[in-house]
Each structure stands twice: as C-alpha cells, then as structure tokens.
Amino acid sequence: MKISLLAFILLICACNPTKKNCLVKKAAFDVGSGSTKITVAEVNTCTHKISKILHEDQAPVAYKDNLLKNNNSLSIDIIQQGTLVLLAQKTKAIKLGATVFIGAATSAFRKAKNGKESIESLSSRTEIPIQIITQQEEADLGVLGVEAQKTFEGPYMVWDIGGGSSQITLKDGKKKIEYQGNIASVSFKDLVMKIGNRRGISPNPVGKELATKAKAELTELIKKDLPKNLLPVPKETKVIGIGGVHYYSVKQQTKSRGHFTKDRIRKAINQRVGLTDKQVGGNFAATDITNLILVETFMELLGVNEIYPMRINMGYGLLIKH
C-alpha cells in the first residue's frame, strides 16, 4: 500500500508542469540593426510559457548606420561598442539569476560583408551564443512571442518594425499572408536624411516640408513592396504592434495608454516635426519623429486605423523556443 501511494505521489509530481525544476531563468539578447535588447525571464520549460518577466532593457548600437559609413562592413569600433553593451546586459542578467543565455542578430548582420565574422567575435567576447537568423525566422519568433501571451478569436496581424527590416504576418484561420521588407526605422531615417541633404546621424528637426516629401517617397516605396493581398487589411483584423517602434516610440509620443490611432499619430507629427534631438530627448531621438511618419504611412496604405502595441520583442520567442 505504501509503495502504491508513493508511486501515485511521484506520478502527480511528474505531471505537474509548475514543479520547480520546470522553471529556468533565461536571458535573451536581440541584436538589432539600431539597438540591442535584453529580456530576462523565468520560463516554464514544461509548458513552454514565460512565467514572469524579470527585466527588460535596450541600448542604442548603430550597426546599420555603421554599415553605410564602412562600405557595407561592420567596423572594429562598433563591435567593441556592441560587446560592452552586451557584457553590461549580461552582468545584469546574472545578478537576476539567469543561467541560460541565447542571442539572435538580424538585418545589419545579414547584410554586412563581415557579418558572420562580426557575430562570431561578439559571441566569443561575451560568451553568449548568438546566431544570425533569417528574416523568416525573425518574423516567426515575433509571432511565437505574441501567441504565447494572447489568443485571438478572429483574424489578427503581428507587425514588427526593427531598425533595418520589418515583418508583417496576418493570420485568418488557416490562411496566412506575410510581408518581409527592408523599410524600417533606421533605413527610413536614413532616407529622410538623404532627401533633406542632412549630415550626421539625425534628420531633426525634420520640419513639415521635409516630412511631406519623405512621406510621398515612402508611399511609393511601400506600394511597390507590400503584397497586393495585404492592401487593404480586412477591417475586422486585430493589429498587434510589437517591438520598440510600436510599444515605446509611437505609443509614448502619441501619449496612448492602450491602443493608438492614425489620428493620434498625425496629431503627434504636427506637434513634433519641428523639434531638435535635445527637445525630443532620449537615446532614440534620431528616429522618434521619423518613426511616426513611417507607421502612419504604412497604416494609410494598409487601411489600418488602430494598433494595439504589446511589450513583446523577438527575445520573447527566443526564450520560449530555446
């Protein structure tokens, strides 16, 4: 009888997905084209769910801008800067108890002539396993992060804007439409600077005239780039914006608590196009104003009136998958 009871207890414990040995503290590093993000979380490896977010942060590292200045190669200096950022983030993760580390690098490293050597250098210096992932993998990780946190009854669209690439995935039952392009935060900022003949690293103050010209050119680029079956997005579609552009840049600038609308973005553009970097403030002042123009223009062409930003980045998908 005692043996049977013991066996029963062991069976119950083995089937319980909340048992302590299922919980692992992990740190995911999203090495993007314009910034490096870290997400530290307690992950339930039995249910493949994030139990608790312990820490999130991001720091600017201008990998994409560095490519433009160095004949499509990443310089020693930018790799050194990236190393210091990753080491500082890893130190914080270790203090929080993280024992598993995983990283992914995106657009700038895919395009760099020395992308493979650069990411190997970052991995070696920081002792963080970092891999260059494809844009499809980037999109899939974003969707995985969203679906692990939320379920949808009707059609939904996950829209991720990075520094050098953008991904859209629309799901409606078994139907799936995808967009993977290079019109993104830093690439559009660079385009605005080119149109306005601006030097340095920031187009600010953009001004209304430059904003109008940039929007017109961006509109033509998007029309050529977007798949026709996304124009327009079905009206009943729930649009989820992930990544720093949606959740931090646009949400904060439009002073939105939940979702933000196209009208709120237009109002913010009119109020902010004349601001300098100092007046904008923060580490990402150079792209904040152009982010508003970028998102509004996409929304107009997609026929989207409102976006629900979620505090999810590619790191969430990494934490679940690995």
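The values are calculated or read from the model by the stated rules, or taken from the named source; none is laboratory data. The structure presented is a predicted model; accordingly, all values stated were derived computationally and were not measured. Virtual Cβ from ideal backbone geometry, glycine too; neighbours counted across all protein chains shown. Protein only, heavy atoms only, side chains kept; ligands, DNA and RNA dropped before computing areas. Shrake-Rupley method; radii C 1.70, N 1.55, O 1.52, S 1.80 Å.
Using modelled backbone amide H atoms (1.01 Å from N, in-plane), which distant-in-sequence or interchain residues come within less than 5 Å of Gly274's amide H?
Residues meeting the amide H criterion: Gly207.
In debye, nearest 20, what is the charge dipole magnitude of the chain about its Cα centre with +1 on Lys and Arg Cβ and -1 on Asp and Glu Cβ, if you could check?
480
How large is ³J(HN,Hα) for each residue in segment 131-144, as worked out from phi by the Karplus curve 6.51 cos²θ - 1.76 cosθ + 1.60 (θ = phi - 60°), to whole Hz, x for Gly and Pro?
Those phi angles translate into 10, 7, 10, 6, 5, 5, 5, 4, 5, 5, 5, x, 5, 4 Hz.
With label points built 7 Å along Cα→Cβ from the Cα atoms of Lys223 and Asn305, find their separation and express it in nm.
2.4
To the nearest 500 deg cm²/dmol, what mean residue ellipticity at 222 nm is calculated for the chain from DSSP H runs of n ≥ 4 alone, each contributing -39,500 (n - 2.57), summed and divided by the residues?
About -13500 deg cm²/dmol.
Pull out the extension gain between His322 and Asp77, defined as 0.36 nm times the separation in residues minus the alpha carbon to alpha carbon distance; nm, one decimal.
Additional length available on full extension: 85.2 nm.
Using heavy-atom solvent-accessible surface (probe 1.4 Å) with all chains present, what is the largest-first order of His322, His246, His55?
Sorted descending by solvent-accessible area, the residues read His322, His55, His246.
For segment 229-299, please report how many Lys pairs fall under 16 Å Cα to Cα, leaving out neighbours fewer than 8 apart on the same chain.
Here the count comes out as 5.
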